[in-house]
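In what follows, a single structure is set out as structure tokens and then discussed.
The values are calculated or read from the model by the stated rules, or taken from the named source; none is laboratory data. Note that the structure is a prediction, hence the values are computed from the model and not measured. Heads up, the Cβs are rebuilt from the backbone with ideal geometry, glycines too, and the neighbour counts pull from every protein chain shown. Just so you know, the surface numbers come from the protein's heavy atoms only, side chains and all, with ligands and any DNA or RNA stripped out. Shrake-Rupley method; radii C 1.70, N 1.55, O 1.52, S 1.80 Å.
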Amino acid sequence: MNPRKSTPEAATPTSAILLVLTACFSFAFLDASAKYLVLQGVEAPFLAWMRFAIHLVLVMVFFRAWSNRTMFRAKNIPAQLVRGVFLFGSTIFNFLALQTLQLAETISIYFFAPMVITALAGPLLGEWAGWRRWMAVLVGFVGVLVITRPGVGTFGIGHVFALMSMTSYSLYVIMTRHMGATESSESLIFYSALAPTVLMFPFVPLYGSIPQEPLHWVLLLGLGAIGAFGHFLLIKAYKQATTTALAPYPYSQMIWMIALGYLIFADLPDLWTLGGAAIIVSSGLYIVHREHRLRLASRTAPNSENEDLAKKL
């Protein structure tokens, strides 16, 4: 009986890598713009609403809503709305965190999301992780503790908002995984922008304010455009390469965040933040590597019993 040979994987296209790197810079610039505006007195809820309102307009134009009915069709409207609320929560809590935290601090905590997703995928999706990935989750949590340092006077409300943002994003990803098999891509993109725009509209008069400077208008209107542009680049990148192949490159956002934090706000992360970020990134990359190995093992597993055994390791 001849051993089964694994199929060699193709090299990751350079264009896909460049798309991801550009998208990460876009997201870093989005956060830097939001931090600048909140420090100038613009309310975070209004910023978040503007980000999704503009995104919604761009999505409707891009998908030609006047002739494309697919984007309006949804099999589970309540789930679509809840998913949109989680995405909005991720955004607004991030903007609130940026009022007091450096850009590097917020993105470091945000990078803990893959570990939270791994932990939640078991009870919520039935995708239980093995002991190796659980160890990576625990190590990643140590990285979060290194950054926040609770009990030594450095843990503040900004860290709470950053953790809430990361948790909201994790739940958003979990729901996307759950709904991806039944809902169209167009509807997922459309309702994720529609839900926060509509649900938060009644609160706009409470938090809305008219910018007094042209630069503030440019940054405010650019929030949705930059976010939409970044997601568009990611979609194009993941059409050219697998998620696993591109997994290391989103961590480049840490470099952009540090650079923009220094250039715009004269902020430099301390050694605790850099050390915690290194721990979190290493844990996240290990989880990606482990899941990739499991997928390869499941392809070559001679029976379902061996496949189940591999997943437990």
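Sorting 274-280, 87-93 by their mean Cβ neighbour count within 10 Å, with the most densely packed peptide first, gives 87-93, 274-280.
What the Cα atoms of the range 160-268 give is an Rg and a Dmax of 17.2, 47 Å. Ordered by 1.4 Å accessible area with all protein chains kept, F229, F95 run largest first as F229, F95.
Highest mean first, the peptides 175-186, 15-26 sorted by other C-beta atoms within 10 Å per residue fall in the order 15-26, 175-186.
Which helices, taking whole DSSP H runs in the chain, have alpha carbons extending 20 angstrom or more along the helix axis plus mean Kyte-Doolittle at least 1.0? Answer set is 14-39, 44-62, 77-97, 131-148, 185-199, 214-240. What percent does the relative contact order of the range 47-202 come to when contacts are Cα pairs within less than 8 Å and at least six residues apart? Answer for the range 47-202 is 48 percent. Applying the criteria of a DSSP loop state and at most 11 other Cβ atoms within 10 Å to the chymotrypsin sites (Phe, Trp or Tyr not before Pro) of the range 45-81 yields W66.
Rolling a 1.4 angstrom probe over the protein heavy atoms, how many square angstrom per residue are accessible across the range 196-273? It amounts to 60 Å² per residue over the range 196-273.
Percent of Cα pairs in the range 71-197 per distance bin of 10 Å, from zero to the largest separation: 13, 37, 32, 16, 2, 0.
Along its principal axes, the range 1-159 has C-alpha extents of 71, 58, 37 angstrom, given from the largest down. All other residues with a Cβ under 14 Å from the Cβ of G158 taken together, and with Lys, Arg as +1 and Asp, Glu as -1, what is their net charge? Around G158, the charge tally is -1.
Grab the DSSP H runs of the chain that are 4 residues or longer, score each as -39,500 (n - 2.57), total them, divide by all residues and round the 222 nm result to the nearest 500 deg cm²/dmol.
Values: 14 runs with 229 residues, N = 313.
Theoretical 222 nm ellipticity from helices: -24500 deg cm²/dmol.
Enter the per residue convex hull volume of the range 137-216, computed from alpha-carbon coordinates, in Å³ rounded to the nearest integer. Don't skip to the answer; put the middle values down first.
Values: hull volume 14.9 nm³, N = 80.
Spelled out: Cα convex hull of the range 137-216, divided by residues, is 187 Å³.
Rounded to whole Å, the principal axis extents of the Cα atoms in the chain read 76, 56, 37, largest first.
Explain nothing, just the number: relative contact order of the chain, from Cα pairs under 8 Å at least 6 residues apart, as a whole percent. Spell out each step's value before the answer.
On the way: 402 pairs, mean separation 121.4, N = 313.
Value for the chain: 39 percent.
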